[in-house]
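Down below is the structure, laid out as structure tokens.
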Amino acid sequence: MNTISSVFKATHGVMTSEVGVISGDLELRTTSDKEGNLTLAITYVDAEEWYTLPGGNYQLHDTRDHDVIHRMLIAVLNRH
């Protein structure tokens with residue numbers, strides 16, 4: 001398992017499957033396994049409960065792309 005985590009600010013909010021839109025200082029955690037399955041989770045900074053982003057099963061075609069995909073997600077979600 002490979003996990004990457006980044007903090008960002010989402011002024012306009014991010015949709016979650018469990019509670020709808022959350023906004024403010026958030027943390028994105030992406031985890032990939034050796035088969036390339038990618039899991040996306042988000043939380044408020046310093047909170048204990050994690051939420052999932054809507055969508056389906058996320059699959060990396062190459063596990064080496066995990067870092068690039070994580071950085072792209074942060075760039076899209078980091079809206080001021």
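Points worth noting:
- Helix 66-77 and the long axis of the chain differ in direction by around 20°, with both axes built from C-alpha atoms.
- Among the listed values [x] -1.10, -1.15; [y] -1.25, -1.31; [z] -1.39, -1.48, the one matching log10 I(q)/I(0) by the Debye sum over Cα atoms at q = 0.25, 0.26 Å⁻¹ as calculated from this structure is [y].
- The loop-placed chymotrypsin sites (Phe, Trp or Tyr not before Pro) in the chain, going by DSSP, that have at most 15 neighbouring Cβ atoms within 10 Å of their Cβ come out as Trp50.
- Residue-averaged 222 nm ellipticity for the chain, from DSSP H runs of 4+ at -39500 (n - 2.57), nearest 500: -4500 deg cm²/dmol
- Gained length - Asn2 relative to Ile69, 0.36 nm times residue gap less alpha-carbon distance: 22.8 nm
- Distance in nm between pseudo-label sites at Glu48 and Asp33 (7 Å out along the Cβ direction from Cα): 2.6
- The stretch 1-79 - charge dipole about Cα centre, Lys and Arg +1 at Cβ, Asp and Glu -1, debye rounded to 20: 280
- Of all beta bridges that DSSP places with both ends in the chain, some 95 percent have antiparallel geometry.
- Average Cα contact separation per residue, the chain, under 8 Å, 6 or more apart, as relative contact order %: 32
- Rg/Rh for the stretch 8-54 (Cα atoms only, Rh after Kirkwood) is 1.00.
All of the numbers you see were taken from the coordinates with simple rules; none came from a lab. Not measured: the values here are computed from a predicted model. Note: ideal-geometry Cβ built from the backbone for every residue, glycine included; neighbour counts use all protein chains shown.
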